[in-house]
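Working notes, beginning with the structure itself.
The values are calculated or read from the model by the stated rules, or taken from the named source; none is laboratory data. Quantities reported herein were computed from a predicted structural model and do not represent experimental measurements. Glycine also receives a Cβ, built like all others from the backbone with ideal geometry; neighbour counts cover every protein chain displayed. Note: areas computed on protein heavy atoms with side chains; ligands, DNA, RNA excluded. Shrake-Rupley method; radii C 1.70, N 1.55, O 1.52, S 1.80 Å.
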Amino acid sequence: MNSILQLGPYDVICKSRMRKDFDHVGNRRFRVIIENHCETYNNAKTKSDKSAIVLSILRSIRDSGGNFVQRNRRLCCWEIMSIDHVKEKIGHALRQAIIAQNGVGKFIDSPRTIYDVIRGGREIKSKQKLEVGSLFPLISL
């Protein structure tokens, strides 16, 4: 991985949970770009169409002088992420934004099960039994 010592204004900081990184200009710009491409990505019929949208987003970040970076605490620098990893990040951001726009959930970092989605994100207590009828009221066994 290539390293840089100082962040640029349009760099997108990945793998960080710090508020200042979330509010970084590059990250805010990235979220706006993602929101602008959600509908197109959602309506894309083929995998190649979706890949073209992901590459278009990557190109717009790079053309403005930005990179996708992660902090290397050991070396006290920023590392530029690989293109394959960046494409995965962009695709994930698009899918999460589509979920958020459709009202199914919020931007989430942790994986959710089908039960989470069906029950509106509420956690199911370990003592509470899941009954098929409670999850799918129209299905009878």
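The table below lists the values:
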quantity: Subset of region 22-38 (residues that are assigned to a helix (DSSP H, G or I) and over 15 Å from the mean Cα position of the chain (by Cα)); calculated: Val25
quantity: Matching residues, region 65-81, being open to solvent by 20 Å² or more (accessible area, probe 1.4 Å), part of a loop (DSSP other than H, G, I, E, B) and in contact (Cβ under 8 Å) with a residue 24 or more places away in the chain; calculated: Gly65, Asn67, Leu75
quantity: Residue match in region 1-20 (condition: in a helix (DSSP H, G or I) and under 20 Å from Ile83 (Cα atoms)); calculated: no
quantity: Residue within region 50-57 that is at pLDDT below 95, of a type in the set (Lys, Arg) and either more than 20 Å from Gly8 (Cα to Cα) or surrounded by 12 or more Cβ atoms within 10 Å (Cβ to Cβ) (or both) present; calculated: no
